[in-house]
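Everything below concerns the one structure shown next.
The values are calculated or read from the model by the stated rules, or taken from the named source; none is laboratory data. These figures come from a predicted structure and were not determined experimentally. Glycine also receives a Cβ, built like all others from the backbone with ideal geometry; neighbour counts cover every protein chain displayed. Quick note on the areas: whole protein, heavy atoms, side chains included, nothing else; ligands and nucleic acids left out. Shrake-Rupley method; radii C 1.70, N 1.55, O 1.52, S 1.80 Å.
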Amino acid sequence: MNIIVTSIIVLGLIGIIGAAVLYVVAKRFHVQEDPRIDQVEALLPGANCGGCGRSGCRDFASACVCADTLDGLTCPASGSAVMKQIGEIVGLAAAETKPKIAVIKCNGTCDLRPRLARFEGAPTCAVLSSLGTGESPCPNGCLGCGDCVSACPYGAMKMNLETGLPEVIEDKCVGCGACVKACPRSIIELRYKGPRGMRVYVACSNKEKGAAAMKTCKAACIGCSKCAKECTHEAITIANNLSYIDYEKCKLCRKCVDVCPTHAIHAVNFPVKKAPAKEKVEETA
């Protein structure tokens, strides 16, 4: 009985001494945190998506409070309105930013590209890419396993079972870039949403020469340069047999869309062009 009582007393004393030591250490090394960090963090979405380039929303809030300028500090998921509020809290001017959205630079649907193999391993693009090939012969196209869909913290992407390609849900996409990082073939790009969501981009990433590209996908860019010659704003360049449209220079005229022989250039959210009115033929008496 005495042993049990002695053990209880000893353990109790150890607990009290340990608690006292922890209390003293906590007081001695306590760091007073700026209360503005909590205010800034409360304005952020809390998804910790990494779109700002920081480890999470808390880290981003701390960086904003400690910074001398907000240049280079942007939360893509929050937008300019929230960044303006953050600027008011920390007493700094927030730069105006244009909202961005993810686009899929591949239009190799199941109907447009042949399927040469069937992969039965782990259903991830990362694993399939590490093997150096995919189910289709295109060396740069979408692998179709949906790593980007799984990586999106906002549920802004889904797989289209008919086309075998991912789709961006525009009203949910905040342009955080999580899908861009998840894609092993770099076929996803963040671009300006454009006025009323209108944008023009090349939906292809194939860098093979024209004939070889067409064998792997009927909608491939063949690097013919017709779009670049048609563009009067110098927004289109050709590199590695692939056309690219600079979204900062593009004026959304859509002339490149009309001349593309493989329809690899996509125009999104534009009003439907009206068909020219047919001339009435006057009947002769």
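Taking (1) at pLDDT below 95; (2) buried (at least 18 other Cβ atoms within 10 Å of the Cβ) in turn, Gly210 satisfies each apart from (2).
Just one of the numbered conditions (1) more than 17 Å from the chain's Cα centre (by Cα); (2) assigned to a loop (DSSP other than H, G, I, E, B); (3) modelled with pLDDT under 90 is not true of Pro139: (3).
Of all residues in segment 227-254, those that are free of Cβ contacts under 8 Å to residues at least 40 places away in the same chain and either among the small types (Gly, Ala, Ser) or surrounded by fewer than 18 Cβ atoms within 10 Å (Cβ to Cβ) (or both) total 16. Criterion first (of a type in the set (D, E, K, R), within 27 Å of Asn240 (Cβ to Cβ), at pLDDT 90 or above and within 13 Å of the chain's Cα centre (by Cα)) does Lys172 satisfy it? No: the conditions fail for Lys172. Screening Val127 on (1) open to solvent by 20 Å² or more (accessible area, probe 1.4 Å); (2) touching a helix residue (DSSP H, G or I) at 6+ places or on another chain (Cβ under 9 Å); (3) outside any loop (DSSP other than H, G, I, E, B) shows it passes everything except condition (2).
Grab the helices (runs of 4 or more DSSP H) fully contained in segment 153-245, keeping just those with 3 or more residues being out of contact with any Cys (no Cβ under 9 Å at 6 or more places or on another chain).
210-216
Is it fair to say Thr284 is modelled with pLDDT of 95 or more, among the hydroxyl-bearing types (Ser, Thr, Tyr) and either surrounded by fewer than 19 Cβ atoms within 10 Å (Cβ to Cβ) or touching a Phe, Trp or Tyr at 6+ places or on another chain (Cβ under 9 Å) (or both)? No, not satisfied.
The single condition among (1) hydroxyl-bearing (Ser, Thr, Tyr); (2) open to solvent by less than 30 Å² (accessible area, probe 1.4 Å); (3) within 23 Å of the chain's Cα centre (by Cα) that Thr216 does not meet is (3).
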